[in-house]
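Here's the structure, in C-alpha cells; my notes come after.
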Amino acid sequence: MESGSFIEDDLRTQCSDILYSVQTNAGKGYIYTVVEHKSHPEKLMAFRLLRYSVAAMQRRIEQGNDTLPVVISVLFYHGATSPYPL
C-alpha cells in the first residue's frame, strides 16, 4: 500500500480509498481502489466516483508520472430500493 488519498476533505467521511503499488514485468504499477457505502440512492453517484478516478489520475500526472493507475470503484449499497436506482 502507498500513502496518500484523493478524496476531498468534505467527502472523506463517506468514502475510503487505498492506493496499491504492484511490481510487473514492465515495472512498478499502481491500482487505486475507492470503496463507497450508501444506504440511500444518490442521483449523481456515478459522477462522484468518476471525480475520484480522475483525481487519482491527475495526482499521478502532477507527480511527474507518464502512466495512469488502474482505478477500481466499488459501491456497496444497502438501502431499501432494489436494485440501486440509476
So what's the net charge close to G79: Lys and Arg +1, Asp and Glu -1, counting the other residues with Cβ under 11 Å from its Cβ? 0
Residue exposure sequence - T33, T24 - by fewest surrounding Cβ within 10 Å: T24, T33
Please list the non-local residues whose amide H lies under 5 Å from the amide H of K38, H modeled 1.01 Å from N, same-chain partners needing a gap of 5 or more. F76, Y77, H78
Descending Cα extents along the principal axes, the stretch 15-77, whole Å: 41, 20, 14
In whole percent, what relative contact order does the stretch 15-77 give with Cα contacts below 8 Å and a gap of six or more residues? 39
Two-site label geometry, V74 and T33: point separation in nm, points 7 Å out along Cα→Cβ: 0.4
What ³J(HN,Hα) values, in whole Hz, does the Karplus curve 6.51 cos²θ - 1.76 cosθ + 1.60 give for the stretch 45-59 when θ = phi - 60°, with x put for Gly and Pro? 4, 4, 5, 4, 5, 4, 4, 4, 4, 5, 4, 4, 5, 4, 4
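The numbers here are math on the coordinates, done by the rules we state, and not lab data. Quick caveat, the model's predicted, so the values are computed rather than measured. Neighbour counts run over all protein chains shown; Cβ positions are idealised from the backbone, glycine included.
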